[in-house]
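Single-structure report; data block below.
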């Protein structure tokens, strides 16, 4: 083994939290080394864009290494056994692959599939959308606010030091770093707190035509229509608000304004959307050292403190390993995400001295895996409606957040609504013909009906149309311009049986055990999806839209409910919001880290990212985890100074 690298702070993972902490500390002259399991920061994104353009499956992971298939004509995915730094992908989480370890990196035990993905490259989850919402105040106090008289209420409080008000100025710092476009007045709802006189770094992204259409449709409602929401007061209007986004509405920090490429996921071709490589480059320019293709393999404990982290290096995505080394530091930060962080902790046995893994005296490492189960619905506006012209602009510009808090949370999950600007692109993707508008075009050229639009008068009485020339153009212009999609991010209960453990059998190309996942959704969360279904019906009815939402045959995420006396088939997808597996708390017996994300067991080890979230609410976690990373960086700097 090579001689250990030494520094003040060693960080594993260069995503949002890792990059922010590295940059904050390097500004203070603190020496930082960052281990990145995947590829480093490229000089530009041209190769990523080329890979994306050439990929037949435009899934969120397609631009980034490692490759999904040996070549685009391969039927099967590359076996994760032959990948040095593997990752879950959309293609590996299908109905016929999610429980096949020879195709799926995650070894899934069920009973339901965990369907979110992540990257293993510098910058972490670069395929994020950019949504940068603050949590609402009650998200931090669920037990106190809604579960006081329920001994088995499944949602705990966050540590007392973490509140909407205490995080407000740190949220502001994170919004400046990410470059968030939004309007304070519009975002001041449900008690969200802003510093006096505060303005977001940039004006809000303008709403789309569909945003405005849905806002108009929900402007006048009656109490009977909205009674199912159980908000505790009559709801006669539902507001559509612009979403705060880490996307430039005007030039910001030497980056261009959004040009409306409708490609935020998986990659913004002009980098108008923030991604962590921006902050990572600033950190390395200030002296932080990034070591890529370096997979942390063990955290070494000496006298209850972390003394070093061992890592394996490799040259290309198939391995094999090219060497082994270690990094010694005064403080260690694990920022590898809510699956890879517990995996590393559980792998770190220290010759039996930490038999349950590092930082795991509570037996909470890996437990309480959460996401935002995503209920998606799509429809077609009526023939007499003005077109909304999807497939333009950012993927999502507005949503409905006012319904994500209220007395209903005592008995069912909250939801937040996204309004999609990409038509049916996402919802009918995955077949041989790709996604819309291509699928519908192929349907009308060949007399097929893969998308569901090619039926005369939307009845099955007559055969499908086969059109060419002006007839084809007129039909596509009529139908595709009226497509709409909405999605519901649903609150998930933390369940200790939803967990990340180590596979006893399946490894990667470096010989490291892969993550094993056990996952299900609770009745509390399912009832949130039921409420989302009812809200979908209200929105579509008010628009006069025809519902085309279907659950794919054999969908393993599916479940059946009886709603208003009728059987209904429901399903969920992954939101990419992986949370909860090393939760923070004031009690070391029921949590892994404290409010500064420092482990209870080892005072020089921090675990950061959304894995520390005790609950997930309905807001995308990125802004909150970024704010918490800044709070942690402040704590580390003070700790280093006070200890010389």
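The values are calculated or read from the model by the stated rules, or taken from the named source; none is laboratory data. Computed from a predicted structure; not experimentally measured. Using ideal geometry, Cβ is built from the backbone for each residue, glycine included, and neighbour counts are taken over all protein chains shown.
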**Request:** Under 7 Å between Cβ atoms, at least 6 apart or on separate chains: pull out the pairs that start in segment 243-257 with a residue that is free of Cβ contacts under 8 Å to residues at least 12 places away in the same chain and end on any residue that is assigned to a loop (DSSP other than H, G, I, E, B).
**Result:** 251/257
**Complete:** Screening 409, 416, 482 for residues that are crowded, with 22+ Cβ neighbours inside 10 Å, in contact with a helix residue (DSSP H, G or I) (Cβ under 9 Å, 6 or more places away or on another chain) and within 30 Å of residue 245 (Cβ to Cβ) leaves only 409
**Request:** State all residues of segment 244-256 that are out of contact with any helix residue (DSSP H, G or I) (no Cβ under 9 Å at 6 or more places or on another chain) and part of a loop (DSSP other than H, G, I, E, B); if no residue qualifies, say none.
**Result:** 248, 249, 250, 251, 254, 256
**Request:** Filter the helices (runs of 4 or more DSSP H) completely within segment 138-239 down to those with at least 2 residues that are touching a strand residue (DSSP E or B) at 6+ places or on another chain (Cβ under 6 Å) and under 30 Å from residue 20 (Cβ atoms).
**Result:** 142-146
**Prompt:** Are any of the residues in segment 512-534 at pLDDT below 95 and in contact with a strand residue (DSSP E or B) (Cβ under 9 Å, 6 or more places away or on another chain)?
**Reply:** no
**Message:** Yes or no: segment 344-364 includes at least one residue that is buried (at least 24 other Cβ atoms within 10 Å of the Cβ), out of contact with any strand residue (DSSP E or B) (no Cβ under 8 Å at 6 or more places or on another chain), in contact (Cβ under 8 Å) with a residue 40 or more places away in the chain and not in a strand (DSSP E or B).
**Reply:** yes
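Residue 509: in contact with a helix residue (DSSP H, G or I) (Cβ under 8 Å, 6 or more places away or on another chain), part of a helix (DSSP H, G or I) and within 30 Å of residue 612 (Cα to Cα), yes or no?
Working: in contact with a helix residue (DSSP H, G or I) (Cβ under 8 Å, 6 or more places away or on another chain): yes; part of a helix (DSSP H, G or I): no; within 30 Å of residue 612 (Cα to Cα): yes.
In short, no.
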**Any hit, segment 38-58, residues being under 20 Å from the mean Cα position of the chain (by Cα), surrounded by 22 or more Cβ atoms within 10 Å (Cβ to Cβ) and assigned by TED's automatic domain parsing to the domain that holds residue 333** = yes
**Fill in**
Within segment 314-330, residues modelled with pLDDT of 95 or more and either within 19 Å of residue 119 (Cβ to Cβ) or assigned to a loop (DSSP other than H, G, I, E, B) (or both) come out as 314, 329, 330
**segment 167-185: number of residues that are within 15 Å of residue 131 (Cβ to Cβ) and exposed (fewer than 14 other Cβ atoms within 10 Å of the Cβ)** = 0
**Asked** Of the residues in segment 141-169, how many are closer than 22 Å to residue 600 by Cβ and touching a residue at least 60 places away in the same chain (Cβ under 8 Å)?
**Response** 10
**Prompt:** Has segment 303-315 got any residue that is in contact with a helix residue (DSSP H, G or I) (Cβ under 8 Å, 6 or more places away or on another chain) and either buried (at least 20 other Cβ atoms within 10 Å of the Cβ) or not assigned by TED's automatic domain parsing to the domain that holds residue 41 (or both)?
**Reply:** no
**Message:** Being closer than 26 Å to residue 424 by Cβ and under 22 Å from the mean Cα position of the chain (by Cα) narrows it down to one residue among 529, 539, 563; which is it?
**Reply:** 529
